[in-house]
Amino acid sequence: MKINENLNPPADAVCSRWHGRAWAIVMGATMAASAGATEPPQLPRFVAGPLDIDCSTTPFGLHAELAQDIEGISLIDASGFNVIDEYQPAAASASAPYVRNFRVTRPAALNGASLQSAVDIDLDGNGRDEVVAAYKMGDGSLRLAVYKRGTGNVQLSDTWSLSQTFSQVELAAGDLNGSTDGRQELGVMLRSISGSIGVFVLQGDANGNIAQADNLSAGSWQRPGPVGSSVGFSAGDLLLSGHDQLVVVSELNPGNNRQLAFDLLEYEPTTIELPITGSSINIGSKSLLTTVGGTFGSDANGIMRIEADAGDVVDTAAAELVLHIQHRQSSYDYITQRLLHFPTTRDENNHITGITLFDRTPAVPNDDNSFDSSRSIQGQNENGRAGFEAVITQVDASAHREIVIARSMPSSSLSVEVYQPGVDRKAGFTYLTTGNTVNFRNATTGGAVSYAWTFGDNTGTLQGIDANHQYSGPGTYTVSMTATYADGGTTNYQTSVLVNAAANSGGLAPEYSYNVGNPTYSGSYTVGDFSDLSFINIAAGDMDRDGTHEVLTMARNTGGRVLRSRWQLTDPADAASFSGKHAEESNTAFGGMTAMELVGSDFDGDSLHGTLGDECVQVFEPQMRQVIWLPPYFGIEQAAADKLSTWGQSTTGTTSSEKRSGSYTSNDVSGYIGVEVGTPDNLPYTIEASVSFTAGHNWQKSKGAIHGEETSLSVDEGQEQDQGEALTITEETAFDCYRYDVKRTTSPVDGSMRMCAPVDGSRLVSGSDAREWDTAVPAAGMQLLGHKPAQWFPLQRDWANIALFKSVTTNTAFPTGTGVDKLTDGWFDREALAAAPRIQPYVEIDLGSVRDISNIRIFPAAGDAIDLKGFRIYASRTPMAVSGIPGGSGITTYAPETEDAVSYDRWNVWTRNPAQPSEMLRARFIRLQNPDPQAVSLRVAEIQVFGDIHLDPPQYPQAVCDPIADDGMFKALVWNPATAKFAEVQVRGDLLWNGSGIWPSPQAGDNYSACSNYGNLPVREIWETAAVGASATSTWNLSSESGTLNGNVTSFDSSTRVGAAFDFKAGYIAKVIAGAAYEFTKGITKETQNTTYWGTGLDIGGAIGGFTNTSLATPCRYRPRPYAYRLPERSDTGYLHVAYAVDYIVQEGSTGMWKRANVPAVCSGDRIFADGFD
């Protein structure tokens, strides 16, 4: 901001702590009137800043787990040896898997009880888990024990009893009431001695105990018997309703007519599809039956065990159901693994109107195909009944969780296998005809990476996700789409499309289904004999907040030893790195073991959690999608010449969707966490992954089942600009942003984050001129907010820096090789580094004359933006004093406008007059200095100073070249007047295609090196022989040059730091860049939050007319040639734009055209003061 001038808005412009939007219209009218316009400019919505919204409207939930840190809790019942242990991971260098924190004897209140099962749960939502264990008492009744962690011990906090005998009890914890407040409810399933099933829901109280009295519950449900001897029970949001459902899986009619019953239960149900019936209390239900016949054996005792687990293992945020069924047939034991999901239908308000169990062959009843995947993971085992247990967890960095099973192998080993389900590959599309135009909507499943379309009319192949096609006339056409996957596999769908005057529709949208293949990761531990392994237990969770989950297993190995193991994937890129550490404990009491349970629980409360705060706003976020510069022209002599830049259409105006581009914007999470929580290399990933599972799920519940490919991509209309400097295409989307406070139960945490959801229907795409972005947009922000909009950046090209090659003076000593000449050499990877700290150090650039200045950019050395905290920019027309701090009349001072007076990784200083933005700062000397009276270091990479956004052709580069793909830099060859030679400088970005010809070979005395473009960069000769001079208009179109010029890049993906306006006053930027906090930003429901995409049919064009003064046609003619690049730009707050930019070089001709050393003055209108001289 400009420090020595008051830029506050008028008092009546303020509606709350955020400034109102209404004054933007007045501001626009004022600016337009001052410029002589008849209508005010239509300013983007984001310039007025955020508006307050109600925090209770958050779609992300009241609470989100951010970084898990569990302990391993084991419970052992053995003869005279009933203990509870807590374990944490051993040091990475240790051979043992764990360190035991404590071992306590089971409380006397449970003497005579036998352990049945256990589960971790947070009953009061305070971030510290309880462990609930189920016991069978001496009279056969049930008693639940609630354990809490004390100081180095375990305390029995509460018990709950049910006077009912039973043969099986299972526990499941979840957000059963859909509150998203971090508090979980407990589901209890009992199979009675007679074979009936009862399910009860229990709530926690404020102290983390069970709120209901003995024999009472918050909800109950029953299934009459008899059912099979084993019942599966789990909890998860299988319907994506916002509640975790309880699912009960039981066997009916054993033998050849066997059925499996799936009972979906919802506490306080949200849909009429789950009605509360009969004697049920507060629990709605739906029963789905599937006939399996003799699949699991023909005798009545075929199924020995059913284990059910629910979790989000593939595609949408809804949980899937995983079954492991142990069964016997012909004296052999088998284990079958099944993956199932429950599709729903919904009305226009997203209310569930139907629930089914997916069936691979719905037209064939009773054929046992009501599943997504079914496979035998253990077959024909005749060595005895295998022990096993499964869990759903996150072993690696993939977007979804994995199925993990630990089991005893006939090969005498303990095996741990990790399965990653996938989406079935099915090609499909739907279409709608409008006259001769057909819109095709891709419906392919399975995560294809590219799509090739043919339209049956011999027009060739189009690459792109969706397609629009214009047929020459009516007819029936065979349209084919081939989807290609990352491994090279393909699927194809084709259909006949009738094109006539009617509106015809059709095609195929395949139903989503899933599969499970071979294990992705596996490990094993050899034991003496298969029969030695028993009481196999498994648990999982992140034990060290590094973002990946450890797998914990326990088993009895022979009668007197307990085997404890910790399994982990140490390198996600190497499947073989999944391995375990093991330790065995010997105790004669283990020979009399009757039960053993293992849970992963944040027993000490040191996980990180996000809790909804009190600052919630709606922001309008811009994304600069495209910047298509007009071809270069002389501002005075070609002012009336025809000019044109186009995007998504040709210069003749023809357009169709294959010539256009589109975009997708999803939810975003951004924020920072203080370093005191540890694990600096992994913590941001941990936050991102955890939020994806919690906040992402909460958001998706309001949208229904959103599949991976259903990303709501929008195709935009073609745009053109025929005046000004460049066509800028900006997308604006409204986001509702909610601040979450980062908390940890055990100790305070310095941290904050925000979650932002796009507002449906708020997306606007508009085309404008680059000058408005550089003038009206920041001016409105300065007037309304007192600072530039948080998302703004200067739309200036690096090679246009008027400080290039200028002399720099300093009051500080700089060693050879890191001197002040590096500040203006045009190279970002070279820095000026002072020899030692000093008081009030400065560097000062002499521009050679007083110049018009619109923007100044300061680039700190990479990773050292904090070093510039406290520095200021001083600008003056006359030399500044070599000692002290500049001041007085004639000195203008600038600094970053954020609350903590630092910028994320660069300073973007706007130096125009906010009240009259056509007026620029006029100065010759630009100084960077720290005014504080203590010694500080001076370390800077580059200082840029820019004049007006218009540049005449001689100021453009002679050539561009990108020798290294995707390194974020390419080279430009620019004229250095001081040496009368060309010099090479760096430009931030990556070339997408180059139509500007080759980089000239250096000659003796030249100050640049040879350069060749990287191997697969698309290169074409565009306007190779054209010369702009006569009054005729020269045009080019990308589609006319080559149908594949866009080459190997057809999309940009990024995460933009939505809600950057928070950061102007959050004061967090200094913490991040000083290394005192970790910052993060990513999409919540999509890996990348922001996508711009296009197909190979994309059209871009340019046109420029010559000189209307025919006497200038020969002396002033020139040759512009286009190129395109990926332009990443950040605002002061780190808000990221990634734009598709098209720009030009201007080549000197060997004969018949001017050279930069002697450009005729008449070409620029013979302006005496053309460069701003006084």
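Taken together, the values in this text are just the output of simple stated rules run on the coordinates, not laboratory data. The model shown is predicted, which means the values in this text are computed figures rather than measured ones. So basically every Cβ, Gly included, is an ideal-geometry build from the backbone, and we count neighbours across all protein chains shown.
Say a paramagnetic label sat at a point 7 Å from the Cα of residue 594, along Cα to Cβ; which residues of region 131-152 have their backbone N under 12 Å from it? Under cut-off, by backbone N: 135-140. Looking at 420, 719, 1108, which one has the Cα that reaches farthest to the positive end of the dipole of the chain (charges on Cβ: Lys, Arg +1; Asp, Glu -1)? In the chain, that residue is 1108.
Neighbour counts of C-beta atoms inside 10 Å place 918, 192 in the sequence 918, 192, starting with the fewest. Pairs to check: 822/1071; 788/822; 822/981; 806/971; 981/1155. Give those whose C-alpha atoms are more than 23 Å from each other in this structure. Among 822/1071; 788/822; 822/981; 806/971; 981/1155, the Cα-Cα distance tops 23 Å for 822/1071; 788/822. When each of 298, 1012, 1164 is scored by the number of other beta-carbon atoms lying within 10 Å, the sequence from fewest to most is 1012, 298, 1164. Residues 788, 286 in ascending order of nearby Cβ atoms (within 10 Å, fewest first): 286, 788.
At an R0 of 51 angstrom, the distance between the Cβ atoms of residue 524 and residue 279 translates into a FRET efficiency of 0.60. Farthest toward the positive end of the dipole of the chain, out of 824, 1144, 552, is the Cα of 824, where the dipole comes from beta carbon charges about the Cα centre.
Distant-in-sequence amide contacts of residue 843, defined by a placed amide H-H separation under 5 Å and a gap of 5 or more residues or a different chain, comprise 928. Amide H to amide H, with H built 1.01 Å from N, residue 1080 comes under 5 Å of 671, counting only residues 5 or more places away or on other chains.
About its Cα centre, region 797-948 has a charge dipole of approximately 400 debye under the convention of +1 per Lys or Arg Cβ and -1 per Asp or Glu Cβ, with nothing else charged.
Across region 361-381, the residues whose backbone nitrogen lies under 18 Å from the label position 7 Å along the beta-carbon direction of residue 331 are 379-381. About its Cα centre, the dipole of the chain is roughly 1520 debye, where the only charges are +1 on Lys and Arg Cβ and -1 on Asp and Glu Cβ. Coordinate range of the alpha-carbon atoms in region 521-640 per principal axis, descending: 99, 41, 17 Å. In order along region 782-794, phi translates into HN-Hα couplings of 4, 6, 7, 10, x, 7, 4, x, 4, 9, 7, 9, x Hz, rounded to whole numbers, per the Karplus curve 6.51 cos²θ - 1.76 cosθ + 1.60 with θ = phi - 60° and x for Gly and Pro. Structural descriptor for the chain: relative contact order 12 percent, calculated from alpha carbon pairs under 8 angstrom and at least 6 residues apart. Sequence-ordered 3J(HN,Hα) estimates for region 756-767 from the Karplus curve with 6.51, -1.76 and 1.60 and θ = phi - 60° stand at 10, 10, x, 8, 4, x, 8, 6, 10, 10, 9, x Hz, glycine and proline given as x. Its Cα centre serving as origin, region 418-575 has a Cβ charge dipole (Lys and Arg +1, Asp and Glu -1) of approximately 240 debye.
Cα extents for the chain along the principal axes, largest to smallest and rounded to whole angstrom: 108, 80, 61. In region 797-948, the ratio of gyration radius to Kirkwood radius, Rg to Rh, stands at 0.93 when only Cα atoms are counted.
Here the contact order of region 429-511, divided by its residue count and restricted to Cα pairs under 8 Å and six or more residues apart, works out to 38 percent. Amide H contacts under 5 Å for residue 412: 530, restricted to partners 5 or more places along the chain or on a different chain, H placed in the peptide plane at 1.01 Å from N.
Apply 1/(1 + (r/R0)^6) to the Cβ-Cβ distance of residue 94 and residue 478, taking R0 = 51 Å, and write down the FRET efficiency to the nearest 0.05.
Values: r = 65 Å, r/R0 = 1.28.
Efficiency, rounded to the nearest 0.05: 0.20.
What number in nm² do you get for region 147-284 if you take the convex hull of its Cα atoms and divide its surface by four? Please report the intermediate quantities before stating the final value.
On the way: hull surface 39.1 nm².
Directional mean of the projected Cα hull area for region 147-284 stands at 9.8 nm².
Between 362, 540, 494, the Cα set farthest toward the positive side of the dipole of the chain (charges on each charged residue's Cβ, about the Cα centre) is that of 494.
Mean projected area of the convex hull spanned by the Cα atoms of region 429-511, taken over all viewing directions: 5.0 nm².
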